[in-house]
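A quick write-up on the structure given underneath.
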Amino acid sequence: MTGQVLAVTGTSTDVGKTIVTAALVAAAADAELAAAVCKPAQTGVAPGEPGDLAVIDELAGPVSTVECARFPDPLAPDTAARRAGMAPLDPDTVSAAITAMSADHDVTFVEGAGGVLVRLADGLTLLDVAAATDAGVLIVVPPGLGALNHAELTVGAIVARGLRPAGLVVGSWPADPDLAMTCNRIDLPRVTGVPIVGVIPAGAGALDRAEFRRRAPSWIDTDWLRRECALPPTATYFSSTATEFASTATGSPPTATGSPPTATEISAAAPSAHPECPSTEGVHS
């Protein structure tokens, strides 16, 4: 087996990457897909204390996990390593861990630190990890004001590296969303050209394991997840979900496989009509 790799990044810190990753693990189990999780660099946690992988295992486990490095200060891993006088994260260690996990699992989720350009080590970002492991990149976004700009910038950075934006997930959807949040459910795919493939309700991380595992498959588009796991491991083109979205929106054929779309192509693929904001019809929930 050589499984698919999905890097999980965010538009910033504290957008819900760890809970999203746990939901992905639970959704994969529901879809009868063997999942594993790699955390290249954990910061802000002392030796022996539970980190993000412990949260994922508690909510959605048991699951195979690997943490490649840990630094005590709650900072970008590169900065945290320097402040602690510790060796920086070794990119070869990360690649080897992900390669070993993907050999035995249908999908390996790689949870980043903060946003996609946060330095994991000097000159090393999650984009470099994704490029080295042929990973698609899943983007966790907040629901409120600022989400559109940050999501579009993040997608642009991913595409500029020739990588594949695999989808957007709203990391924490409140029970009573405001107007901006409701509009963003429509506008995020429109401005980025990347579909929303999951929406996590606020407070999901407080659920016990049984309830989290029961409910998580309804938060993630499991059909999308199955398609992701069916992609060739060396795919470096836009995901089938995203190209189908773009094709439907414009009436034109999807971007040809073999090369990733440009930022201009993604922008052109987004529908030009602005739908009624309060409506969420057709948006995965």
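The values are calculated or read from the model by the stated rules, or taken from the named source; none is laboratory data. From a predicted model like this one, the values you see are computed outputs, not experimental measurements. Virtual Cβ from ideal backbone geometry, glycine too; neighbours counted across all protein chains shown. Accessible surface is based on the protein model in full, side chains and every heavy atom, while ligands, DNA and RNA are left aside. Shrake-Rupley method; radii C 1.70, N 1.55, O 1.52, S 1.80 Å.
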Got a sec? Which of THR2, THR99 is of a type in the set (Val, Ile, Thr) and not in a loop (DSSP other than H, G, I, E, B)? THR99
Yes/no for PHE71 being touching a Leu at 6+ places or on another chain (Cβ under 9 Å) and under 23 Å from ALA157 (Cβ atoms): no
Note on VAL137: of the conditions (1) over 22 Å from PRO74 (Cβ atoms); (2) touching a Pro at 6+ places or on another chain (Cβ under 8 Å); (3) open to solvent by 10 Å² or more (accessible area, probe 1.4 Å), unmet is (3)
Count of region 156-206 residues which are polar (S, T, N, Q) and farther than 23 Å from THR18 by Cβ: 1
Any residue in region 64-85 that is in contact with a His (Cβ under 8 Å, 6 or more places away or on another chain), farther than 30 Å from ASN149 by Cα and either open to solvent by 20 Å² or more (accessible area, probe 1.4 Å) or not in a strand (DSSP E or B) (or both)? yes
Please go through region 209-228 and give me each residue that is open to solvent by 30 Å² or more (accessible area, probe 1.4 Å), within 10 Å of ALA27 (Cα to Cα) and not charged (D, E, K, R), ordered by number. SER218
So ALA103, is it touching a helix residue (DSSP H, G or I) at 6+ places or on another chain (Cβ under 6 Å) and among the aliphatic types (A, V, I, L, M): no
For the list (1) touching a helix residue (DSSP H, G or I) at 6+ places or on another chain (Cβ under 7 Å); (2) part of a helix (DSSP H, G or I); (3) open to solvent by 40 Å² or more (accessible area, probe 1.4 Å), I need the number of the one condition that VAL25 fails. (3)
Taking region 154-194 and keeping only residues that are assigned to a loop (DSSP other than H, G, I, E, B) and either aliphatic (A, V, I, L, M) or free of Cβ contacts under 8 Å to residues at least 60 places away in the same chain (or both), one is left with ARG161, LEU163, PRO174, ALA175, ASP176, PRO177, ASP178, VAL194
Hey, any hits in region 28-46 for a residue that's open to solvent by less than 20 Å² (accessible area, probe 1.4 Å), under 18 Å from GLY203 (Cα atoms) and assigned to a helix (DSSP H, G or I)? no
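This table checks each residue for (1) of a type outside the set (Ser, Thr, Tyr); (2) in contact (Cβ under 8 Å) with a residue 40 or more places away in the chain; (3) touching a strand residue (DSSP E or B) at 6+ places or on another chain (Cβ under 8 Å).
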{"residue": "ALA23", "(1), (2), (3)": "yes, yes, yes"}
{"residue": "CYS38", "(1), (2), (3)": "yes, yes, yes"}
{"residue": "PRO50", "(1), (2), (3)": "yes, no, no"}
{"residue": "LEU59", "(1), (2), (3)": "yes, yes, no"}
{"residue": "SER95", "(1), (2), (3)": "no, no, no"}
{"residue": "THR99", "(1), (2), (3)": "no, no, no"}
{"residue": "SER102", "(1), (2), (3)": "no, yes, yes"}
{"residue": "PHE109", "(1), (2), (3)": "yes, yes, yes"}
Subset of region 197-232 (residues that are at pLDDT below 95, part of a loop (DSSP other than H, G, I, E, B) and over 17 Å from the mean Cα position of the chain (by Cα)): PRO232
Quick one: would you say GLY10 is more than 20 Å from ILE158 (Cα to Cα), open to solvent by less than 10 Å² (accessible area, probe 1.4 Å) and in contact (Cβ under 8 Å) with a residue 60 or more places away in the chain? no
State the number of residues belonging to region 140-161 that are under 24 Å from ASP78 (Cα atoms) and either open to solvent by less than 20 Å² (accessible area, probe 1.4 Å) or among the aliphatic types (A, V, I, L, M) (or both). 10
Residue by residue through region 102-123, note down the ones that are assigned to a helix (DSSP H, G or I) and not hydroxyl-bearing (Ser, Thr, Tyr). ALA103, ASP104
